[in-house]
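Everything on this sheet refers to the single structure shown next.
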Amino acid sequence: MSVPRVLVLGWGNPGRQDDGLGPAIVEELQKLRLPGVRAEADYQLSIENAADLAEADRVVFVDAAVEGPEPFLAQSLAPSETISFSSHAFGPGSVLALCEQTYGRAPEALLLGVRGYSFGLGEALSEKALMNAGAALEFITAKIREWRGKNMATGERTKTILIIDDDPDIRAATRIVLESAGFVVGEASTGAEGLKVAQRIKPDAILLDLMMETVDAGSKVSTQLKEAGFSAPIFLLSSVGDAVRYNIDASQLGLAGIFQKPIDHRVLLTTLKAELHMK
C-alpha cells in the first residue's frame, strides 16, 4: 500500500501584485504542514520541475489568471502533445510531457487559474485577489483530503498517524518507518502544536511523547484531546516506559498503549495495524 504524494506548484512574480497569487497560496499551504504534501513556488516553471513531478502521484499547478471566472477556474490537465519552452516560459502541460517522456509516467494533474485584478509594481495582493486566494486554498486542502482518503493503488483508505515529540530525530526515524509501511504521517514538536495539527489533519492514531515541555506534558495533551472529542487511539512514547507502566493507568487516561524508547519498529507497526484493523 503506497502513500499518496501530492505536489503543489505555484508560480508568478510577487513583485507585481496579483501576479504573486501562486506563490502566496503556496506560502499559506506550507504553513499548514499537511502530511504527504510538498508545496513549492517560483517565478516560473522550469525543466527541473519535471523531476519534482516524477516523485508525485498528484500535482496541482497554481497560477494567477488575468481573466476568467471568480474566484478561480479548476481544470484537469494532460501532458502537451509537444514540448515547447523558451528562456521566458515553460507551461504546465510541457512540464507534464517532459516528465512523461523522461521518467515514463506523469502524475494526475489539476490546474488552478486564480483570478487576479492588479498586475502593476507592488508586493501586496489586491483585496479581491486575497479573497480569491483564500477560496483557492480551501479548495486545494479539500482536494488533498479527498485524495489522501483513498489509497491510489488499491482503493483502500490510507491511515494517518500523528507524531507529537520534541525530539526531531525520533520524529524523523519514526516517519521513515511509518511511511515505508504505507501510512501518511503528520508531525508536531510541542503539545500545543500537536493539538492544532490533530484538529486539522484528523489522524487515525497519535504517537505522543510523555515528556516534552514538562515531565507530564504527554498525559496532559492526551486528556485535552479526549476533552476535545478526539476518539482515535493514542499511544504514549516514554524513555522510562517500565516505570510509566506502573505509575500511569493507560486505560484511565484513555490511552491505547505505551511504547518504550527506543521504539521497536516491528512492534510499533504490528500494534498500529492491529489497532486500526489493517491487513
Fill in the blank from the handout: Computed over the chain: longest principal axis from alpha-carbon atoms vs helix 168-180 long axis, angle to nearest 10 degrees, is 80
Problem - Sequence-distant aspartates and glutamates (8 or more away, or on other chains) whose Cα lies within less than 20 Å of LYS220 - result: ASP165, ASP166, ASP167, GLU187, GLU193, ASP204, ASP209, ASP242, ASP249
Practice task
Sort PHE183, PHE235 so that the residue with the fewest other Cβ atoms within 10 Å of its own Cβ comes first and the one with the most comes last.
Solution key: PHE235, PHE183
Practice task
Calculate for the chain the 222 nm mean residue ellipticity that helices alone would give, adding -39,500 (n - 2.57) per DSSP H run of length 4 or more and normalising by residue count, nearest 500 deg cm²/dmol.
Solution key: -11500 deg cm²/dmol
Fill in the blank from the handout: Heads up, the stretch 6-148 by the C-alpha gyration tensor (a ≥ b ≥ c square roots of eigenvalues; a/c under 1.5 rounded, else a/b over b/c prolate, else oblate) looks oblate
Handout entry: Under 16 Å from the Cα of LYS273 - lysines, other chains or at least 8 residues apart
Key = LYS159
Practice task
Using a 10 Å cut-off on Cβ atoms, rank the peptides 195-207, 13-25 from the highest mean neighbour count down.
Solution key: 13-25, 195-207
Completion exercise
Two pseudo-spin positions, 7 Å from Cα along C-beta at LEU32 and at GLU227, lie apart in nanometres by 2.8
Problem - Length gained when the stretch ALA192-GLU123 is fully extended (0.36 nm per residue, less Cα-Cα span) - result: 21.6 nm
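None of the figures in this text is laboratory data; all of them are computed from the coordinates on show. If you're wondering where the values come from, they're calculated on a predicted model, not measured in any experiment. We place every Cβ from the backbone using ideal geometry, glycine too, and count neighbours over all the protein chains shown.
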